[in-house]
1. Please determine, by comparing only the residues of segment 12-61 that are surrounded by 18 or more Cβ atoms within 10 Å (Cβ to Cβ) and more than 11 Å from the chain's Cα centre (by Cα), which one is nearest to THR77 (Cα to Cα).
2. Does at least one position in segment 71-78 carry a residue that is at pLDDT below 85, surrounded by 13 or more Cβ atoms within 10 Å (Cβ to Cβ) and under 14 Å from the mean Cα position of the chain (by Cα)?
3. Restricting to segment 44-86, name every residue that is assigned to a loop (DSSP other than H, G, I, E, B) and over 19 Å from ARG10 (Cβ atoms).
Amino acid sequence: MTLVGPRPERPEFMKELSDEIPNYRDRLGLKPGLTGPAQIINGYDNNIESFRRKVALGLLYLQHCRLRNDIKILFRTIRVILTVSGVM
């Protein structure tokens, strides 16, 4: 596991999400991370559309995986934690 990367999904949802969301497994191309763009932008998943947004953000992260972007994500994560501004 790394600091920044797509968060792993709970195993019980993997099959259903793979069937429902095109390219779902592509986001697993990198090691999972403790935080990522989906956690600071999308918040918690509570329906299929939020899972779709999370996958889209994960795929976008894979395309733009750079140290500079990781640092930005880490700082935004710290800000979300300190300001308790996470989406619920």
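The values are calculated or read from the model by the stated rules, or taken from the named source; none is laboratory data. These figures come from a predicted structure and were not determined experimentally. Cβ atoms come from the backbone with ideal geometry, glycine included; neighbour counts cover every protein chain shown.
1. The selected residue is TYR24.
2. Within segment 71-78, none of the residues are at pLDDT below 85, surrounded by 13 or more Cβ atoms within 10 Å (Cβ to Cβ) and under 14 Å from the mean Cα position of the chain (by Cα).
3. Hits for segment 44-86 are HIS64, CYS65, ARG66, VAL84, SER85.
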